[in-house]
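**Student:** First the structure, which I've put down as structure tokens, then a few questions once you've had a look.
The values are calculated or read from the model by the stated rules, or taken from the named source; none is laboratory data. Fair warning: this is a prediction, and the values are worked out from it, not measured in the lab. Methodologically, a virtual Cβ is constructed for each residue, glycine included, from the backbone with ideal geometry; neighbour enumeration extends over all protein chains shown.
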Amino acid sequence: MREENCIFCKIANGEIPSATVYEDENFRAILDLNPASKGHTIILPKNHFKDVCELDENTSAAVLPVAARIGAAMKASLGCTGFNLVQNNGASAGQTVFHFHMHVIPRYEDGPAMVTWEQHQSEAEELQQTATQIKNNL
Ligand code: 5GP
Ligand code: ZN
């Protein structure tokens with residue numbers, strides 16, 4: 001399940017060299033070319049899935065334990081004290097490479113703010129309406 005001309009298919013399957021931090025039968029995890037912080041890693045499935053909605057159950061179930069192991073190894077080796085898991089789906093959400101990947105971003109004390117958003121007030125009625133809209137489409 002590879003896609004022609006997909007850069008992450010090529011990297012995940014070793015056709016293009018990368019700074020690999022982890023590899024198993026399902027995934028290759030590599031250092032991001034443009035890191036948000038030292039050690040910023042992206043986990044790539046070896047099979048091609050456009051985004052989380054296309055991911056098969058085995059790959060979905062396997063990705064979080066890999067992310068947790070990598071995050072723990074970052075804390076043990078790089079001196080970060082936390083990490084963010086970030087996973088973008090769709091261009092409006094910031095996805096730029098359309099082969100599923102999960103970011104593992106080390107966070108350091110006094111490091112720059114990231115993965116933040118503006119918070120807004122909401123009304124209980126509006127929350128209920130929105131919840132119903134989503135629920136009716138599951
Ligand atoms: P997205 O914005 O799609 O969630 O994340 C794509 C990420 O892949 C970006 O952080 C970008 O820096 C990284 N990236 C894009 N092309 C390459 C590449 O060829 N090699 C590596 N190591 N990272 C890449
Ligand atoms: Zn791909």
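**Student:** Between residues in region 1-24 that are in contact (Cβ under 8 Å) with a residue 40 or more places away in the chain and residues that are of a type in the set (Gly, Ala, Ser) and within 13 Å of ligand 1 (Cβ to nearest atom), which pairs lie under 7 Å by C-beta distance while being six or more apart or on different chains?
**Tutor:** Short answer, once both residue conditions are applied: Val21/Ala29; Tyr22/Ala29.
**Student:** Taking the conditions exactly as written (among the hydroxyl-bearing types (Ser, Thr, Tyr), out of contact with any Ser or Thr (no Cβ under 8 Å at 6 or more places or on another chain), within 21 Å of Gly111 (Cα to Cα) and at pLDDT 95 or above), does Thr96 satisfy them or not?
**Tutor:** No.
**Student:** Mind checking whether some residue in region 51-60 is among the small types (Gly, Ala, Ser) and either under 11 Å from the mean Cα position of the chain (by Cα) or farther than 20 Å from Arg2 by Cβ (or both)?
**Tutor:** no
**Student:** Do we find a residue being within 23 Å of Lys46 (Cα to Cα) and free of Cβ contacts under 8 Å to residues at least 60 places away in the same chain anywhere in region 101-116?
**Tutor:** No, region 101-116 has no match at all.
**Student:** Now for a different question. For region 8-19, give me each residue that is surrounded by 14 or more Cβ atoms within 10 Å (Cβ to Cβ), near ligand 1 (Cβ under 10 Å from one of its atoms) and not charged (D, E, K, R).
**Tutor:** Hits for region 8-19 are Phe8, Ile11, Ser18.
**Student:** Among (1) surrounded by fewer than 12 Cβ atoms within 10 Å (Cβ to Cβ); (2) within 19 Å of Glu23 (Cβ to Cβ), where does Val63 come up short?
**Tutor:** Among (1) surrounded by fewer than 12 Cβ atoms within 10 Å (Cβ to Cβ); (2) within 19 Å of Glu23 (Cβ to Cβ), Val63 violates only (1).
**Student:** Among the residues that make up region 49-66, is at least one of them touching a Lys or Arg at 6+ places or on another chain (Cβ under 7 Å) and not in a loop (DSSP other than H, G, I, E, B)?
**Tutor:** Within region 49-66, not a single residue is touching a Lys or Arg at 6+ places or on another chain (Cβ under 7 Å) and not in a loop (DSSP other than H, G, I, E, B).
**Student:** Just wondering, is there one or more residues in region 30-44 that are more than 9 Å from ligand 1 (Cβ to nearest atom), surrounded by fewer than 17 Cβ atoms within 10 Å (Cβ to Cβ), under 17 Å from Pro106 (Cα atoms) and in contact (Cβ under 8 Å) with a residue 60 or more places away in the chain?
**Tutor:** Among the residues of region 30-44, at least one is more than 9 Å from ligand 1 (Cβ to nearest atom), surrounded by fewer than 17 Cβ atoms within 10 Å (Cβ to Cβ), under 17 Å from Pro106 (Cα atoms) and in contact (Cβ under 8 Å) with a residue 60 or more places away in the chain, which makes the answer yes.
Let's see how each residue does on (1) of a type in the set (Val, Ile, Thr); (2) modelled with pLDDT under 95; (3) away from ligand 2 (no atom under 16 Å from the Cβ):
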position: Val66; (1), (2), (3): yes, no, yes
position: Arg69; (1), (2), (3): no, no, yes
position: Ala73; (1), (2), (3): no, no, yes
position: Leu85; (1), (2), (3): no, no, yes
position: Met102; (1), (2), (3): no, no, no
position: Ala124; (1), (2), (3): no, no, yes
